[in-house]
């Protein structure tokens with residue numbers, strides 16, 4: 001049961017607009033903590049507004065959210081421990097509801113029981129359906145962790161992205177890029193081609209440059225225990241030299257965590273990854289799904305960047321988009337290789353649910 005809020009915490013009259021909780025905070029004459037906490041616990045907010053409010057609290061830890069309140073007039077009988085209890089209770093309840101919603105979206109959009117959806121609307125507010133389930137193949141989604149490790153290693157060794165390396169013809173396989181083999185190419189160019197045009201050849205060269213052991217060691221050190229790079233990327237028929245022996249692995253949850261790192265770290269390398277993701281050539285999934293949005297309930301919706309991937313066994317995407325002022329991360333996969341429309345439906349439904 002939720003702790004009772006003292007009668008001394010007055011309620012401001014709710015705004016009749018659809019966004020009463022957000023519209024109320026900046027102009028209410030009462031302390032913000034009293035407004036949102038009292039309104040939520042008193043049941044004044046409608047379900048949609050309460051959900052949006054609680055999700056917004058999940059953008060940081062309970063202590064980080066609530067400590068400032070103790071310095072702005074919170075009465076002693078409503079201290080940090082009690083506020084944290086309320087906060088955590090609401091957060092767990094909301095995450096459970098949102099996870100169930102993603103399950104419903106996966107079913108109705110046709111992703112299948114082995115499809116996956118992972119959504120993050122803040123560093124600490126992530127929910128998923130099958131988010132830790134390995135899709136049938138990692139496909140070109142594996143190029144996101146390779147870019148992440150590349151930038152991490154270059155920064156650790158103070159190496160420039162403009163460093164040129166030889167593009168070995170032995171790493172050639174079919175892809176969508178017009179990349180020229182058998183000559184030097186900069187690491188920046190190879191990474192951009194890998195992400196923007198999904199160049200398999202550039203990916204294989206970067207795998208050789210970094211080494212599979214180094215890639216997997218770095219991923220593990222970053223906390224990505226369900227992702228591994230153990231096989232080069234193969235096109236339709238041509239195999240690169242030394243392709244590997246075990247299939248690559250990745251999950252929607254870890255893709256989302258990687259995207260958060262990419263979009264929250266402000267160094268030259270991470271800026272370069274974001275710039276490449278913003279040039280994504282494949283517009284059949286996230287780009288198309290968000291194209292129908294401009295304003296959603298008073299909040300602008302803007303696609304930021306994306307990496308798609310597909311084989312004869314799987315199709316998926318991981319994207320970043322802005323909803324109002326909040327950057328959100330969404331990864332969706334289906335083991336139906338022709339499932340572009342199902343993925344678009346899932347993305348559309350997830351965005352509308354916010």
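The values are calculated or read from the model by the stated rules, or taken from the named source; none is laboratory data. Remember, it's a predicted structure, so these values are computed and weren't measured experimentally. Virtual Cβ from ideal backbone geometry, glycine too; neighbours counted across all protein chains shown.
Observations
- Residue in the stretch 125-139 that is at pLDDT below 95 and surrounded by fewer than 21 Cβ atoms within 10 Å (Cβ to Cβ) present: yes
- Residue among 253, 204 that is closer than 28 Å to residue 128 by Cβ and crowded, with 18+ Cβ neighbours inside 10 Å: 253
- Boolean, residue 182 is surrounded by fewer than 16 Cβ atoms within 10 Å (Cβ to Cβ) and either more than 19 Å from residue 262 (Cα to Cα) or in the same structural domain as residue 318 (by TED's automatic domain parsing) (or both): yes
- Matching entry among 155, 174 (being more than 16 Å from residue 257 (Cα to Cα), in the same structural domain as residue 274 (by TED's automatic domain parsing) and at pLDDT below 95): 174
- Of all the numbered requirements in (1) farther than 24 Å from residue 330 by Cα; (2) part of a loop (DSSP other than H, G, I, E, B), residue 213 misses one, and that requirement is (2).
- Qualifying residue in the stretch 294-311 (condition: part of a helix (DSSP H, G or I) and either modelled with pLDDT under 95 or crowded, with 23+ Cβ neighbours inside 10 Å (or both)): no
- Some residue of the stretch 222-229 being in a helix (DSSP H, G or I) and surrounded by 14 or more Cβ atoms within 10 Å (Cβ to Cβ): no
- Some residue of the stretch 115-122 being assigned to a helix (DSSP H, G or I), closer than 30 Å to residue 239 by Cβ and in the same structural domain as residue 240 (by TED's automatic domain parsing): no
- Yes/no for residue 226 being over 21 Å from residue 174 (Cβ atoms), modelled with pLDDT of 95 or more and in contact with a strand residue (DSSP E or B) (Cβ under 9 Å, 6 or more places away or on another chain): yes
- Residue check, residue 280 part of a loop (DSSP other than H, G, I, E, B) and either under 17 Å from the mean Cα position of the chain (by Cα) or at pLDDT below 95 (or both): yes
- Residue match in the stretch 316-334 (condition: in contact (Cβ under 8 Å) with a residue 24 or more places away in the chain, in a loop (DSSP other than H, G, I, E, B) and in contact with a helix residue (DSSP H, G or I) (Cβ under 7 Å, 6 or more places away or on another chain)): no
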